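A short write-up of the structure that comes next.
The values are calculated or read from the model by the stated rules, or taken from the named source; none is laboratory data. The structure displayed is predicted, hence computed values, not measured ones. Using ideal geometry, Cβ is built from the backbone for each residue, glycine included, and neighbour counts are taken over all protein chains shown.
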Amino acid sequence: MLDMILLEGHEAELRTLLATTDGAEASAYVLLGKADVAADPWTGKARQRLVSHKVVPVPAEDRISASGVHVTWSTRSFVRLLKQAEESGLTLGIVHTHPGSHAFFSDQDDRNETELLRIVTNRSGASHGFASIVLGGDGSICARLWTSPSESTLCERIMVSGRRLVFHGVTALADDAMLDRQARLFGTSFNPIVRGVRIGVIGCGGTGSPTAMMLARLGVGGLLLVDDDVIELTNLNRVHGSRRSDAEAARAKVDVLAREIREADLGVEVATFKGWVVDARARDALRSCDVVFGCTDDHDGRLFLNRLAYFYGIPVIDMGVRIIPASKDRPYEMAGRVTLVTPGAPCLLCRGFVNPVRAREEALKRTDPDEYDRRKAEAYIAGGGDPTPVVVTFTTETACMAINELLQGLTAFRGDGGMKTERRRRFDTVEDRSSTCAPRAECELCANDTIWGRADVIPFLHRIG
């Protein structure tokens, strides 16, 4: 199984770079990160995902000829970039256009690319290959990975990822009466796309539980639920699907939500991971997702998802609810926040939503509780405090905000421009606003594109510990 994530900025760069005034085909290169998944959580099968990392123009001196039905260029730059890709653990991809048609692989493409694979094999050995991408003049995209002279693997889907979420290669499904009403609003192409989407929900509490339940009602094909906690009595006021018997039995939150979704029989494949999102055993599942909803108040978990978004091009829709004392006139300030984390947008660190010191404390508490207790006793760790107030209506409304942002990315129902990078809603004053910020110049995640789409690296996400 093979799929691809093409960062929205890279697709725009390629479309601009390869546009011609005479309708001739054009070509470029792209360096691709690789995610090798041993077993995705829904099928148990191995999966490889390619993620765009960097666009490289074909040097002017290497261009030979082009017309409306062909493009040729010297292989000198191909061989040079092939060496660079191998040294960096990347995959080299060639990109060309079909300006007058949809994206497809022609017989001429087959012949040319078989010859390129021969060059790769002679230079690097039989275990190496390269990717090929075609951009159609109608906006379509197709891609494949060459691994042997007689065999190439077609990308089953290509997701253009960013503030817009566009899927290529999705096949139409039979009409689903359950989802008829939303197809009447968003069109007949919407339900097949949603059925093919795989979404992770990290944190299954006040915001995560309604998020998971509503995504299931939308017809999302694959849901991944991640949480390390069990249901307690104090959760019953806001965790959708939970029962008093779940609290008495201390059932895992992921198991409770999975039970409710499966018993509803909505055609959703549910996978669960009871544990900490940073746990290495969850990596295959996370890297198999197309979109992730961050529904945790855990700083270390947020820090982890923050990095995942940039390394793998997987959009993270992070949310939070804030209820704090305000003034005599208004006892509490009550607000919900939804933030999009994706290459090209400011990260959670630059926005000030993650405290690295708190993140280290949380990681220490999980990995070495004795040392955590020792440091806390010596006042090196701040500790907890009283539980924060929370009400189901506010957490659920925040989840609705987040899912509507996903729908905007998929359908543009609010108009062009894609998802907002941040929305805030004041529940006490009935005010909505959107905001952004400038990345910190020293930020390795969002201030430059060095790690965007880099995918698998050692250590994972360049994260120590």
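Remarks
- Of residues in the stretch 148-162 being part of a strand (DSSP E or B) and in contact (Cβ under 8 Å) with a residue 40 or more places away in the chain, the one surrounded by the fewest Cβ atoms within 10 Å (Cβ to Cβ): 154
- Scanning the stretch 243-279 for residues that are more than 28 Å from the chain's Cα centre (by Cα) and either within 21 Å of residue 289 (Cβ to Cβ) or surrounded by 16 or more Cβ atoms within 10 Å (Cβ to Cβ) (or both) yields a total of 3.
- Filtered residues of the stretch 265-291 (kept if in contact (Cβ under 8 Å) with a residue 24 or more places away in the chain and either over 27 Å from residue 159 (Cβ atoms) or part of a loop (DSSP other than H, G, I, E, B) (or both)): 266, 267, 268, 274, 275, 276, 277, 278, 288, 289, 290
- Residue list for the stretch 224-260, filter: in a loop (DSSP other than H, G, I, E, B), touching a residue at least 40 places away in the same chain (Cβ under 8 Å) and charged (D, E, K, R): 228, 238
- Scanning the stretch 402-419 for any residue that is basic (Lys, Arg), surrounded by 15 or more Cβ atoms within 10 Å (Cβ to Cβ) and either over 30 Å from residue 90 (Cα atoms) or in contact with a strand residue (DSSP E or B) (Cβ under 9 Å, 6 or more places away or on another chain) (or both) turns up nothing.
- Filter result for the condition that a residue is under 23 Å from residue 150 (Cα atoms), touching a residue at least 40 places away in the same chain (Cβ under 8 Å), in the same structural domain as residue 121 (by TED's automatic domain parsing) and assigned to a strand (DSSP E or B), over 6, 32: 32
A quick yes/no check of all residues on (1) outside the structural domain of residue 143 (by TED's automatic domain parsing); (2) modelled with pLDDT under 95; (3) acidic (Asp, Glu):
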{"site": "18", "(1), (2), (3)": "no, no, no"}
{"site": "22", "(1), (2), (3)": "no, yes, yes"}
{"site": "39", "(1), (2), (3)": "no, no, no"}
{"site": "60", "(1), (2), (3)": "no, yes, no"}
{"site": "65", "(1), (2), (3)": "no, yes, no"}
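- Screening the candidates 145, 165, 117 for the property of being farther than 30 Å from residue 317 by Cβ and buried (at least 17 other Cβ atoms within 10 Å of the Cβ) yields one hit, 117.
- Qualifying residue in the stretch 126-142 (condition: in a helix (DSSP H, G or I) and modelled with pLDDT under 95): no
- Residue within the stretch 179-201 that is under 27 Å from residue 392 (Cβ atoms) and part of a loop (DSSP other than H, G, I, E, B) present: yes
- Residues in the stretch 414-465 that are among the charged types (D, E, K, R) and part of a strand (DSSP E or B) were compared, and the one that is nearest to residue 347 (Cα to Cα) is 422.
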